[in-house]
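So the structure is just underneath, and the comments pick up after that.
The values are calculated or read from the model by the stated rules, or taken from the named source; none is laboratory data. Computed from a predicted model, the values in this text were never measured in an experiment. Here the Cβ is made from the backbone with ideal geometry for all residues, glycine too, and neighbour counts use every protein chain on show. Protein only, heavy atoms only, side chains kept; ligands, DNA and RNA dropped before computing areas. Shrake-Rupley method; radii C 1.70, N 1.55, O 1.52, S 1.80 Å.
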Amino acid sequence: MAFRRGLLAALAAGALIGGSAGCGAEDVHEGKGGARVSPAGTVLTDTDEQGRHYRDVDPKGAPRVAVEVRPDSGGGRDIQLTVRHFRFSAAEVRPVAVAGRGLARLSLDGRSLTWLRVTAYRLPAALVPRGTHRVRARLYADDRTLWSVHGRPVEGAAALTSSGTERTPGPGCT
């Protein structure tokens, strides 16, 4: 019985001291040109428009995102993301890069709209003036590095055209 308690105490102490295997900074090492390399890809010197570094991963099993835009009944647009090899993180997740996990940044004509932790978003009609626009979604790790493959951001985009007159019909309108 005493042996069993001693073994359990040793295992518990090891878990507290050692932390979780494969998740710590000790898995990060320096690669070519001073790039930081980890199991979750290589952090490049390239950055996005907000200065967030690219995190380059192997094309095999790399995250992917596609964007679909549909008009809604209120004159806005429903935006639907389809992701592969990727899952959205909960808001309370630690800001550590884990392969294939994170959030999406949605933009309209290069202007940031929101950070998404889900696949759907309603774009209000007031944000879509008359003309043709580009909706883009980029995938980021939880540490806000941009997932990339061969130095190119993991992103999807769709065009949307607005006549600027969309609105919900009132009573008596057809």
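Residue by residue, here is whether (1) within 15 Å of E155 (Cα to Cα); (2) open to solvent by 50 Å² or more (accessible area, probe 1.4 Å); (3) part of a loop (DSSP other than H, G, I, E, B) holds:
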residue	(1), (2), (3)
A90	no, no, yes
P95	no, yes, yes
A99	no, yes, yes
R122	no, yes, no
A126	no, yes, no
P129	no, yes, yes
Requested in this report: Pick out the one residue from R70, R84, R111 that is touching a residue at least 12 places away in the same chain (Cβ under 8 Å) and either surrounded by fewer than 17 Cβ atoms within 10 Å (Cβ to Cβ) or not hydrophobic (A, V, I, L, M, F, W, C) (or both).
Outcome: R84
Requested in this report: Report yes if some residue within the stretch 119-133 is closer than 21 Å to R52 by Cα, of a type outside the set (D, E, K, R) and touching a Leu at 6+ places or on another chain (Cβ under 9 Å); otherwise report no.
Outcome: no
Requested in this report: From the list R87, R70, pick out the single residue that is farther than 19 Å from S162 by Cβ and at pLDDT 95 or above.
Outcome: R87
Requested in this report: Select, from L116, L106, the only residue that is under 23 Å from L44 (Cα atoms), among the aliphatic types (A, V, I, L, M) and free of Cβ contacts under 8 Å to residues at least 40 places away in the same chain.
Outcome: L106
Query raised in the report: Counting only residues that are part of a strand (DSSP E or B) and out of contact with any strand residue (DSSP E or B) (no Cβ under 6 Å at 6 or more places or on another chain), which one in the stretch 27-56 is modelled with the lowest pLDDT?
Result: E30
Requested in this report: Report, by residue number, each residue of the stretch 51-62 that is open to solvent by 40 Å² or more (accessible area, probe 1.4 Å) and touching a Ser or Thr at 6+ places or on another chain (Cβ under 8 Å).
Outcome: R52, H53
Requested in this report: Give the residue, chosen from V135, V149, that is open to solvent by 20 Å² or more (accessible area, probe 1.4 Å) and either closer than 20 Å to V57 by Cβ or at pLDDT 95 or above (or both).
Outcome: V149
